[in-house]
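Have a look at the structure below before the remarks.
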Amino acid sequence: MTAPLLELYYFEACPYCQRVLKAIDKNNVKVSYLDIYENTNHLQKLLHITGRKTVPCLFIDGEPMFESLDIIAWIENNLARLEKNA
Ligand SMILES: N[C@@H](CCC(=O)N[C@@H](CS)C(=O)NCC(=O)O)C(=O)O
């Protein structure tokens with residue numbers, strides 16, 4: 001089974017994003033990061049796909065998940081099948 005592709009829309013100063021980033025870091029999970037204020041194209045894409053600009057938003061194989069605590073729980077419950085950083 002291939003690992004799901006993970007893309008996190010976030011921005012640095014967001015405390016909810018920070019707790020997700022911490023969980024990703026702690027578990028060494030491989031994620032693509034899209035800072036919505038560093039690159040406003042990311043913000044436009046988030047808005048276009050979800051109709052919202054709320055972060056954190058984790059795309060799991062293209063499906064958006066909001067809510068930092070839901071995202072952290074999902075990561076922890078799916079660790080075995082997630083790709084890790086080398
Ligand atoms: N309950 C949410 C709160 C997320 C949240 O409020 N994020 C703020 C940034 S710190 C945001 O994106 N606000 C803009 C918006 O929702 O349009 C979570 O835990 O993820």
Problem set entry | Sparse-neighbour loop sites [trypsin sites (Lys or Arg not before Pro); the stretch 8-73; at most 16 other C-beta within 10 Å; DSSP] | 30, 52, 53
For this session: Could you tell me which Cys residues in the chain have no other cysteine's Cβ under 4.7 Å from their own Cβ, answering none if every one has a partner?
Result: 57
For this session: For residue 1 and residue 19, calculate 0.36 nm times their separation in residues minus their Cα-Cα distance, and state this gained length in nm to one decimal.
Result: 3.7 nm
Problem set entry | Amide N of the stretch 65-86 lying under 13 Å from the label point, which is placed 7 angstrom from the Cα of residue 30 along Cα→Cβ | 81-86
Exercise. Top mean-square fluctuation among 29, 20, 55, Gaussian network model of the chain, C-alpha springs under 10 Å?
Worked result: 29
For this session: Report Rg (one decimal) and Dmax (nearest whole number) for the chain, counting Cα atoms only, units Å.
Result: 12.1, 35
Problem set entry | residue 54-residue 11 pseudo-label distance in nm [points 7 Å out on the Cα-to-Cβ vector] | 1.7
For this session: Kindly give Rg over Rh for the stretch 44-83, based on alpha-carbon atoms, with the Kirkwood expression for the hydrodynamic radius.
Result: 1.02
For this session: At most 15 other Cβ atoms within 10 Å and a DSSP loop assignment: could you name the GluC sites (Glu not before Pro) in the stretch 18-86 that fit?
Result: 38, 67, 83
Seminar exercise, completed: As a Kirkwood estimate from alpha-carbon pairs, the stretch 1-50 has a hydrodynamic radius in angstrom of 11.8
Exercise. Given H placed 1.01 Å from N in the peptide plane, which residues other than close sequence neighbours of residue 30 have an amide H under 5 Å from its amide H?
Worked result: 83, 84, 85
For this session: Subtracting the Cα-Cα distance from 0.36 nm times the residue separation, let me have the gained length for residue 85 to residue 47 in nm, one decimal.
Result: 10.8 nm
Exercise. Using Cα pairs under 8 angstrom and six or more residues apart, how large is the relative contact order of the stretch 13-86, in percent?
Worked result: 39
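Values quoted throughout were computed directly from the atomic coordinates according to the rules given, and no laboratory measurement underlies them. Just so it is clear, the model here is predicted, and its values are computed rather than measured. Note that we place each Cβ from the backbone using ideal geometry, even for glycine, and neighbour counts take in every protein chain shown.
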